[in-house]
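Since every read-out is calculated from the coordinates, none of them should be taken as a lab result. This one's a predicted model, so the numbers in the text were calculated from it and none came from an experiment. Ideal geometry is used to build each Cβ from the backbone, glycine not excepted, and the neighbour counts take in all protein chains shown.
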Amino acid sequence: MSLAELICPAGTPAALRTAVDAGADAVYCGFQDATNARNFPGLNFTPDELAEAVTYAHARGTKVLLALNTYPPAGKVDLWRHAADTGARLGVDAFIVADMGVADYIARMYPGVRLHLSVQAAASSPEAIRYYCENFGVKRVVLPRILTIPEIRQIRREIPCEIETFIFGNHGLMVEGRCSLTNYLTGQSTNMDGVCSPASDVEYVRDADGSMSSQLAGFTIDRFGPEEKAGYPTICKGRYAAPHRPEGYYAFEEPISLNLSRLLPDLIEAGVHAFKIEGRQRSKSYVRGVVRAFRAAVDDIKAGREANIADLIALTEGQKQTQGAFETKKWR
Amino acid sequence: MIPTSEPTARLRPGEGAIARLACLVLQPVLTRVVRRVAARHPSLFARLGPHQATDFLIDPVELPFALHLRPDPQALVFRAVPRDTAPQVGATIRGRFLLLLELIDAEQDGDAAFFSRDLEISGDTEAVVRLRNALDDMDGSLAEEASAMFGTPGRAVLARLRRAYPDATKPREYA
Ligand code: SF4
């Protein structure tokens, strides 16, 4: 049986302590800059906060993983190198990286610190994953959310590193690390600036009938009726009118969250080492609820009991959940 | 700051006078609470960044008044205002009072309340996101802290509010 580590999100020091106390095996977090893919206003850690967080987590047997999972623009690698230097100095247990230049720097400078390959690297074939393992010593790959469980099982047999899969949370999965939709509308890059649908470009407009429009850079992404559940203002979850669908439809994805609680035993059996919960941008309340629920489920499964997972639908986007490609390629 | 958020008002007869009276009575309490919170949680202001100077309207839909907040550590503003005289603000956060209280105390998740449409925001979204993240990074319960400042009566009011929560009705029409 794999280790089935629970990898939990933390957007603030308080969320990190919450995740640790709720039973996380490892917590992932980032600095307050473009070096990570949740570069949101008011979120993330200063170096001093990270130092305290590492002390808190390590004292309780929990690991801290530092996300450096964006791509430095040409000629601007110093920010990423500096972040790696700081993380290494503070004693993080692993770096989560996407860019080969960042991976190479860490592999050369800090060979004793583990490298995990971010989902943002979009490495979904054994060949791609092996390339990162052989050239940069990557110890774990976070798989893109486009693979079925039989495919994961097969990949596991063909790669020399551990596998981490998402099990809960946001389900925006164009080709991860390659999506330029936000860049197209706002000029900011999800992959280099670390923010999809930057809050400074988002506006919610309430109409007289109680409907709400969500707008990004002046473009209407969706309009929710008075009683309709809402989603994030991301372009991939937008509802658009098109000549063949004038009533408007979800052209890419629906507002929906991934929830693999029922598939945990199958994932463990397929050789997945670690389960990742998405949501560094979410609150302590979310972290507490989701981490506790999955902690109990994983412990039940490890002990040979049937997992009784709490109902997490209230925390899902659009209050809808899916098992996505993990269940079937036809999920859309 | 471009004022983007319109205060909304639909008052029942006599509500205006009640609102004004409630604001007068509440003001000393609010001032004490916000000063105390600011003194005990200075890191809150760093997360607010440039939005320390933003005016927020916190609009508990079932109460006869709203709350005007400017989280500027040099000149803190936290005051109850009747809806019909509420100032133009940078951002508005609207929902049931107890939901707002639970969001501040991290008992509820802001995104989930937004998805379910129980929480409504308008105006400067970045300001709201910063405020949310700043408040979420505070340990402990603000509600407990504030109620404890007023001893047994304070705690009794909070307990009563919490008991009322399951019965809290959906927002009434306010626009
Ligand atoms: S638009 Fe959707 S797929 Fe693209 S980066 Fe944003 S969340 Fe991901």
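With r defined as the distance between the Cβ atoms of B:Arg162 and A:Met100 and R0 fixed at 45 Å, what FRET efficiency is calculated, to the nearest 0.05?
0.25
Kindly write out, for segment B:101-109 in residue order, the coupling ³J(HN,Hα) from the Karplus curve 6.51 cos²θ - 1.76 cosθ + 1.60 (θ = phi - 60°), rounded to whole Hz, with x marking Gly and Pro.
Result, rounded to whole Hz: 5, 5, 5, 4, 8, 6, 8, 10, 9.
Treating only the Cβ of Lys, Arg, Asp and Glu as charged (+1, +1, -1, -1), what charge dipole size does segment A:261-332 show about its Cα centre? Round to the nearest 20 debye.
So the dipole magnitude of segment A:261-332 works out to roughly 340 debye.
Restricting attention to the alpha-carbon atoms of segment A:204-332, what are Rg (one decimal) and Dmax (integer), both in Å?
17.8, 55
What would the Debye formula give as log10 I(q)/I(0) at q = 0.13, 0.15, 0.20 Å⁻¹ for the alpha-carbon point model of chain B, no solvent?
Per q value, in the given order, log10 I(q)/I(0) is -0.64, -0.88, -1.76.
With unit charges on the beta carbon (Lys/Arg positive, Asp/Glu negative), name the residue among A:Phe219, A:Gly61, A:Ser285 whose Cα is farthest towards the positive pole of the charge dipole of chain A.
Result: A:Gly61.
Cβ under 11 Å from A:Asn44's Cβ, A:Asn44 left aside: what net charge do those residues give with Lys, Arg +1 and Asp, Glu -1?
0
Viscosity 1.002 mPa s, temperature 20 °C: give me the Stokes-Einstein translational D for segment A:1-42 in µm²/s, with Rh taken as the Kirkwood radius over C-alpha pairs.
D, rounded to a whole number, is 190 µm²/s.
Can you tell me the Rg and the Dmax, both Å, for the Cα atoms in segment B:18-79?
Every Cα atom of segment B:18-79 included, Rg and Dmax give 12.5, 37 Å.
At 10 °C and 1.306 mPa s, grab the translational diffusion coefficient of segment A:79-166 from Stokes-Einstein with a Kirkwood Rh over Cα pairs, rounded to a whole number in µm² per second.
For these conditions, the coefficient is 121 µm²/s.
Over segment A:181-250, what is the mean sequence separation of C-alpha contacts under 8 Å (at least six apart), divided by residue count, expressed as relative contact order in percent?
21
Please compute the net charge surrounding A:Ala24, taking Lys and Arg as +1 and Asp and Glu as -1 over other residues with Cβ under 15 Å from its Cβ.
+3
Mind checking which aspartates and glutamates have their C-alpha under 16 Å from A:Lys330, skipping anything on the same chain fewer than 8 residues away?
A:Glu151, A:Glu253, A:Glu254
Taking 25 °C and 0.890 mPa s as the conditions, I'd like the Stokes-Einstein D for segment A:181-250 in µm²/s, using the Kirkwood hydrodynamic radius from alpha carbon pairs.
Stokes-Einstein gives a translational diffusion coefficient of 193 µm²/s.
Please report Rg over Rh for segment A:1-70, where both radii come from the alpha carbon positions and Rh follows the Kirkwood definition.
Rounded to two decimals, Rg/Rh equals 0.97.
Among B:Phe115, A:Phe252, which comes first, then next, by fewest other beta-carbon atoms within 10 Å?
Ordered from fewest to most neighbouring Cβ atoms within 10 Å, B:Phe115, A:Phe252 come out as A:Phe252, B:Phe115.
Give me the percent relative contact order of chain B, please, defined on Cα pairs under 8 angstrom at least 6 residues apart.
About 26 percent, as a whole number.
Tally Lys and Arg at +1 and Asp and Glu at -1 over the other residues with C-beta under 12 Å from the C-beta of B:Ala113: what net charge comes out?
0
Could you give the angle, 0 to 90 degrees to the nearest 10, between helix A:100-109's Cα long axis and the longest principal axis of the Cα atoms of chain A?
30
State, as an integer percentage, the relative contact order of segment A:1-147 based on alpha-carbon contacts under 8 Å between residues 6 or more apart.
17
Bin width 5 Å, origin at 0, all Cα-Cα pairs of segment A:133-275: what percent of pairs per bin?
Result, from short to long distances: 2, 9, 14, 16, 16, 13, 12, 9, 6, 3, 1, 0 percent.
For chain A, what's the radius of gyration and Dmax over Cα atoms, in angstrom?
19.4, 60
Got a sec? Charge dipole of the protein assembly as shown, +1 on Cβ for Lys and Arg, -1 for Asp and Glu; which of A:Cys8, A:Ala123, B:Ala146 is way out at the positive end?
B:Ala146
Give me the log10 of I(q) over I(0) for segment B:56-107 at q = 0.16, 0.28 Å⁻¹, as the Debye formula computes it from C-alpha points; what are the numbers?
At q = 0.16, 0.28 Å⁻¹ the computed log10 ratios are -0.46, -1.14.
How long is the gain from A:Leu185 to A:Lys329 if the chain were fully straight, where each residue apart is worth 0.36 nm and the alpha carbon distance is subtracted?
48.9 nm
Rounded to the nearest 0.05, what FRET efficiency is calculated for A:Asp209 and A:Ala296 with R0 set to 41 Å and r the Cβ-Cβ distance?
The computed FRET efficiency comes out at 0.45.
Quick one: putting +1 on the C-beta of Lys and Arg, -1 on the C-beta of Asp and Glu, what dipole do you get for the protein assembly as shown around its Cα centre, in Debye to the nearest 20?
Approximately 600 debye in magnitude.
What percent of all Cα-Cα pairs in segment B:35-130 falls in each 5 Å bin, counting up from 0?
3, 13, 22, 26, 23, 11, 2, 0
For the Cα atoms of chain A, what angle does the longest principal axis make with the long axis of helix A:78-90, in degrees from 0 to 90, nearest 10?
In chain A, helix A:78-90 runs at an angle near 50 degrees to the longest axis.
In nm, to one decimal, how far is the A:Ile313 label point from the B:Gln74 one, both placed 7 Å along Cα→Cβ?
So the label points at A:Ile313 and B:Gln74 sit 5.1 nm apart.
Per 0.36 nm of contour for each residue apart, how much would the distance between A:Asp33 and A:Met192 grow if the chain were fully extended, relative to their Cα-Cα spacing?
56.2 nm
Taking segment A:24-141 on its own, what percent of its Cα-Cα pair distances exceed 25 Å?
Roughly 17 percent, once rounded to a whole number.
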